[in-house]
Amino acid sequence: MACLVRSWIPLLFLQSFLVAIAFGSNEGEEFSEELLLKPLPDRKVLAHFHFENRAPPSNSHGRNHHLFPKAISQLVQKFRVKEMELSFTQGRWNHEHWGGFDPLSSMNAKPVGVELWAVFDVPQSQVDISWKNLTHALSGLFCASINFLESSTSYAAPTWGFGTNSDKLRYGSLPREAVCTENLTPWLKLLPCRDKDGISALMNRPSVYRGFYHSQRLHLSTVESGQEGLGSGIVLEQTLTVVIQPETTSVETNMQPSWSLSSLFGRKVVGSCVLAKSSNVYLQLEGRLGHESKNVDTEIEAHKLWMNSDFDLSLKPDRVIRESSSLLFIFDIDKSSDSEPFDLGLTWKLPSKWSCEQAPLHASRFLMGSGNERGAIAILLKATESQEKLSGRNLTTDGRCTIKANIFQIFPWYIKVYYHTLQIFVDQQQKTDSEVLKKINVSPSTDKVSSGMLEMMLELPCEVKSAAISIEYDKGFLHIDEYPPDANQGFDIPSALISFPSHHASLDFQEELSKSPLLSSFKEKSLVRSYTEVLLVPLTTPDFSMPYNVITITCTIFALYFGSLLNVLRRRIGEEERFLKSQGKKRGGLKQLLSRLTAKIRGRPIEAPSSESPAAESSFLSSKLIFKIILVAGAAAAWQYFSTDK
Amino acid sequence: MASEKRDKEEEEVKTDDGSPKIKPRPIVQLGIFLVAHSPVFSVVFSAAGVLALLILPLLAKNTYISENALMPGSARSMLSNRDVSDGSKLVKDIKNYWLNHEGQGVEVQKLIGKYMSDMGAEVYYQKFHPEGNQFHPLHFFSGPDSYTLLDNVSCASYGVNVAGIIRAPRGDGKESIVLVTPYDFINGGDYEALSLGITSTLFSLLARVTWLSKDIIWLVTDSRYGDYRPVAAWLTEYHSPSFKVSDLLKCGELNTADTFRRAGTVAAALVLKVDGRSERFEDTLSIYAEASNGQMPNLDLINVVNYLAVHRQGFYVKVEKVVSLLSSSWLKIIGEIFEAVGKLARTLNPDWNFGIPAADYLEGSATLASSLYSQALGIPTGPHGAFRDYQVDAITLKISPRFPPDSKTRQHDFFLRGARLLEGTIRSVNNLLEKFHQSFFLYLLTSPSKFISVGVYMIAFALLVAPLPMVAASLYIEGCKALTKSTDNPTENLKSWKWLDAAKQVFALHLLGFIVTLLPYFICQVPGQHSPRNRSIMWGTTSSSLLLITFAIIPGCSPFSSRHHGTNWAVLKSVTISAAFIGLCLMSIINFATAEIGALLLVPTCLMAQPIKPALRSRRIKSLLGAFCSMVLLTIGFPVMFFAISKGLFGEAVVGLSLGGEFWTWLESLWAWKSATYLYIGMVHLPCWLLCLCILFHPS
C-alpha cells in the first residue's frame, strides 16, 4: 500500500505540472455553457443547450489542446474544413406555434434526420474528395450512417440558394436516419465535462427523447488569424434544442403549465462545469411587454418582473434584459452546489396567451397525382399574420414592395423532374416565369450518377396571400440491387429549404451584454429560413418475396428453349424418314428394351442399330403407355400416402 | 395451336401416302388427341370448371396475419372514461343542436370543428360540388384526375367537409392514416351521430398518445351528397388540387381559401358507419372491401379488423352474402353431398379433412357469390372505393348496435368497444414501416375469416375456358375439310386463308359492339330530358338498325344471306370461339370475377351454338335437344335477359318495359363508376352473343 502511495505522489506532481503547462500554452481556449429556456404558446417548453468551444490560432498546429476536442481539430486540419454544420433531428418544428422569425428557430429548426453541409478550403477539384472523406470520418465519429452521403447521388453543390455563397459548399441530407442516444453520446464526448457536470448534466436521455422535437447540432467554423505562419482558430458550437411538454396535473386547458428544471428533465444542476468560462441559464418570456414600464432601474421594478401577478420564478434572476418583444432573465449557476442545487421553476398564476413571430410566408410541400407512373411536387407558400408587419421593409427600386423567397431543393435521380413543367401560381392566378421568378438555377440529375438540384428566387408582391409552385416528375426504375431493405415503404425526397434573403432575424437587446456567446449569436443577423416536410414517394417495387417463382419459371423457360433448339439443330427429319422407309421389319418393343438394357449394362453403345427401329404404335393407348401411366400414378399415390400419413 | 394443326395435317398426308407413320412428339400427340376428342373433353372440362367453382368454399383457407409488424391486439388499450365522455358530449351537443335548430348552414360542421381543435387538432373545412362522375368514353381507364372542374358553378348546392389532423408528436409527417365518418349535416340521424361519437372518443385519445408515428386525419364528410362523392372530392383536393381560382370558395360565409392541410402519403383509411339496429344478440360489424373494378384492399387490413373485432371486442363480424342462396335447396343438396364425401374421405385417411358441414358450405357459397358479384360489378361497395384509386388500402366498417340510438346506458359501452377496435387497428397500421404488401390483393372471401387466394380460384376459370381452343381447332379442321369437299377449284384450296371470311364477320360484329358501347355517351348528349326507359329504347333501336346496316353492307355477314356467299359455319364458330377465348382471357386479367361469370355464360353458349336448320331437318332427338339447349342458352346469354334473371335471383322481379329502364340505369351506373364490366359486355359479350345468333340461324 505504502509503495503504491509512494509511486502515486510523483505522478500527481507531474500531472499538475503538465496541466499548468497546458494552461499556459493554450490560454486562449475557451469553453462556455448556456441554457435557454422558453415557454411556448402551445403549453410546451423549449430548452436550448448551447456549448461553445473556441480554439484560438496557434503555432502548435493544434496538437496539444487542453479543452478543445482533438477529434474535431484533426478533422478540420485533415479535410481543410472551413465551415461545417451537422445536425441530427427528430420530430417536426412547428412553425406556427414555436416561431419562425427569431434566430433560435431560423438556426435550430432543422429537417428530420441528418443534415450536413460543409465548405472546404481546398482547390475546386478536391472538394468532392474531401467531402467523401469527411462523411466517412463523421460517420465513424457520430455512429450514424453519414457515409451514405458519400455517393454522388445524395449530395449537391448549391451555388446561391442555400444562403452561403461559395462554390466549395456541399450539402446533403438523410431524411430516414433514426436519431437516438447513440448519436448523442459521441456528441457529448466532445464536451469537456461530458454530461457529468454543469448544464449538460441535465440531459437525461428519457426526458430528452420523450420530447416533441429534438435537434442536436454541431457547427464549426475556422477563424483566420491573419498572421503569417499562424494556423487558423476553430470555433465549435454545439447546440441541443428540445421541446418538452411539462407534465401537468391541472385539467384547466387555458392555463399554461408550471414547470421546473427537475420536473422537465428529472435532474437538477449542481454547479457549473469547472472548465467552463461562463455557465448561464436564460429564461426568455415572449410577448410580455405591453403592461410593463420602460426602464428597470429600480430594484422594485426588477422584482416585479420576476414575481408578479402573472407568474412566479422560483429563483431571483441575476439580471433582466429587455428585448423588443420579450424579456430575458439571466441566471448564473456558479453559485449552486450539491446542498443548494439550481432548480429554476416557473409557476403561472393567470392564464396567459401570446403568439410567436412567424416567418413572412409559411411553406408546405406535398405530392400530387396518383399511381406508380407520374406525379408532381407542389410547394405552397401561405402568408402568415406577421407578414403585414414585415412587408414595409423591402421596397424595390421601382417602389414596389416585394418579398424575396429562395427555394432550394434536391431531387434524387429516381425522381425525374421535368423542369419545363414548372408552374407558379400567385393568389390563384397563374404567372409567367418572368413575372415572379427572379433567378433560377437548375442542375438536372443523371441516372444513377448525380442528383438533381433546383434553386430559384421568387419575388412576390408583399400583399400576396398564397403562392404555389408545382413541378411534374416521372418515377424512375431502380435496379433490383439498388432497393433498400424496406423498399415498400417508399423513397424519401429530402426537405426543401425556403429562405428569405431580405429578411433577417435577430434579437436587439437594448443594452450592451457581457460576452455571452449565445446572446451574441442571437444578436447577429441571421437569415430567416424554414425547411419543408420530407416527402415519401412510393415507387414500383418488385415482389422480393417470390424469388422461388422466378427461378422456377426461368428454369422452365430455359429448359424448353434449349430442348427445342437442340432438337431443331440435331434432328434431320428427311434422313429419319428415309431411314424409316428403308427399314423392313419391326421388332418387338420388349426385345428392343432388353437389348438396350444389356447395352447399358455392358456400357457400350447400342449394337446394330440397323436391326432396330423405334416402336411406332398405332394407338395412343398402347399397353406400354398405360403401364407407364399406372406406374407413375401408383408411385404418386404411394408417395402421397406415405408422406402425409405419419 | 397453328403449328399443332399443321402437324396433324402433315401426318394425315403421310398416312394417305401409305408411308410408315412417324411417331410425333408427345406434346403434339397430346394436342392431337385433345383436338380429336374435343366434344368429350369440352364437356368434361366445362363440368370440371363448374364443379371447381362449387367446391371453392371447401378449399377456402383460414386467414392469418401475414405482416409481422402489425401485431394486432398486442398492446393494451389506453382508452379511458374521459375519452368516452368526450365522445358522448359531442353526440349530446349535436342532438341538442338538432332539437333547437333547423338544419341549415354550417353550424354542425363548426361544432365538430370546435371539438376537434379543442382536442389539439388542426381543423379545416372543405367545400365541394356534389356532381362528380361524368361519363366520357376516353376517360374510361384514366386515373381519378379526370374530374373536370365545372366552370360555371352555382352556390345553390355544395357540401362542406370537416377534417382534423393530429400530428404525430415525434413522427416525421411522411405518412398518415385517414378515418372517415359520413354524416348528414342537414338532416342529422341518430345512428350516424353515434359514429361521430366513436371517432371523437378515439380522436380524444389519439391527441394525447405518444406512440403515433403517422399523422391521423379525421374526415367528417357531408353525406347529404352520398357517401362516395364527398370522400372522392376530398381525395381529389388532397392529391391533385387546382391552384386556379375557384368560384366555390366564395359561396357561403365560410372562408375556406388556402386552409386545406395535408399530412403526407395516406397509408390506410377506415370508413366508419353506424347503421340500423343489429338483428343479433351481439353488435354486428359488417366489413365492405370491394373497390372499383374488383380491386380489393390488402387482406391483412381485413384480418386485423376481423381479429380485433372477434377476439378482443366481441363483435359479430360478417361480410355481405346473397341471402336468397341461403334458402336454395339445390345448393343445400350439393353441400350435403360434399359433406358426405368429406366424411367418406376422412374414414379412408384421417388427414383428409376437407369436408365441411353443409350449413357452413351454404354460408360460404352465399358469401362467395356475393363477393364474386360485387367484384364483377366493378362498383365500389362504399366510400372506401375512392381511396383505392390512389392506391390506398381502405375498408368500410358498418357497425349495427344492438340497442336503440337513444339508450344512454348502452352508449358508453358501445363507444368504448367501437373506439377500442379502431384504436387497435390504427395502432397496428401505425406499427407498419412499409405500406401493406405482404398479404393478398387478389382473393375472394367466403367468410370474414376465410379466403380463397388467386391460385385456387383461377383453376375454375382455367378449366372453363380450356375447351375453347380445343374446340376451335377441331372445328377449324372440320370446316376446312367441308370447304375442300364443296369447292373443286384447287386455287381456293389455300388452307391458311379459309378463316379470313369468318374473321371479317367476327371483326365487323366486334366493331359494331364497340360502337354500341359508345352509343350511350351520344344518347346522353341528346338535348332534352329523357327517362331511362326512353333512352334504353333509343339505344336499342339505334343498335338494332346498326346491326341491320352491318348485315346489309357486308356480304356474307348476315345469317340470312344465300348459301354461296355465307361462310362455313364451322369456321365461323371456330373464329368466334377464338375471339371469345381471347376476350375472356384479357378480361380475367382486368377483373377476374367478371371473366368468371362471363365465362359461365359465354362458354356453354359458344360451345353449344350450331345451326338450327339442319337439326330441324334431321328430326333426330339428339340434334333437336342440342338446338333447344343452344336456344335456351342464347336467350339467357342476352345481357338484358341475364340482368332480369339475376334481378329475379336477388328477389326483385322486373317485367315489361320497365326492364329497359332498369337496365339502362344499371349500365349508367356501370360506366359512371368506370367499371370494366361495361366494356366487357359491350365489346366481348355482345359481339360473341350476336355471332352465336348468326351461327344458330346459319343457312347451312
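Computed quantities for the displayed model
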| item | result |
| --- | --- |
| Exposure proxy ranking, count of Cβ atoms within 10 Å, fewest first, for B:Thr541, A:Thr153 | B:Thr541, A:Thr153 |
| Charge-dipole axis of the protein assembly as shown as Lys and Arg at +1 and Asp and Glu at -1 on Cβ define it, positive-most pick from B:Pro469, B:Pro39, B:Met296 | B:Pro39 |
| Computed over chain B: relative contact order in percent, which uses C-alpha pairs under 8 Å that are six or more apart | 18 percent |
| Inter-label distance for B:Met631 and A:Ser225, nm, one decimal - labels placed 7 Å from Cα along Cα-to-Cβ | 11.3 nm |
| Too-long pairs where the Cα-Cα distance tops 23 Å, listed order kept, from A:Lys335/A:Lys515; B:Lys89/B:Lys408; A:Lys404/A:Lys448; B:Lys114/B:Lys435; B:Lys92/B:Lys398; B:Lys95/B:Lys273 | A:Lys404/A:Lys448; B:Lys114/B:Lys435 |
| Span from the segment B:322-397 Cα centroid across to the segment A:436-460 one, whole angstrom | 56 Å |
| Extension gain (nm, one decimal) between B:Val50 and B:Glu131, 0.36 nm per residue minus Cα-Cα | 24.9 nm |
| Length-normalised contact order for segment A:410-529 - Cα pairs under 8 Å, 6+ apart - percent | 28 percent |
| Amide H within-cut-off set for B:Ser240, under 5 Å, with H built and near neighbours excluded | A:Gly369 |
| Using a Förster distance of 60 Å, the FRET efficiency for A:Arg319-B:Met71 (Cβ separation, nearest 0.05) | 0.65 |
| Residue-averaged [θ]222 nm for chain B, counting only DSSP H segments that reach four residues, each worth -39500 (n - 2.57) | -17500 deg cm²/dmol |
| Inter-label distance for B:Ala462 and A:Tyr209, nm, one decimal - labels placed 7 Å from Cα along Cα-to-Cβ | 5.1 nm |
| Footprinting exposure proxy for A:Trp348, A:Trp639 (fewest neighbouring C-beta atoms within 10 Å first) | A:Trp639, A:Trp348 |
| Label-to-label distance, nm, for residues given as B:Val640 and A:Leu631 (7 Å Cα→Cβ offset) | 6.3 nm |
| Theoretical FRET efficiency, 1/(1+(r/R0)^6), r = Cβ-Cβ of A:His504 and B:Tyr97, R0 45 Å, to 0.05 | 0.35 |
| Between segment B:183-216 and segment B:413-438, the alpha-carbon center distance in angstrom | 14 Å |
| Whole-Hz couplings from phi, Karplus 6.51/-1.76/1.60, listed for segment A:560-569; x for Gly and Pro | 4, 5, 5, x, 5, 4, 5, 4, 4, 6 |
| Which of A:Cys555, A:Cys143, B:Cys606 has the fewest Cβ neighbours within 10 Å, and the rest in rising order | A:Cys555, A:Cys143, B:Cys606 |
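Computed from the coordinates by the stated procedures, all read-outs in this text should not be read as laboratory data. These numbers come from a predicted model, not from an experiment. Cβ atoms come from the backbone with ideal geometry, glycine included; neighbour counts cover every protein chain shown.
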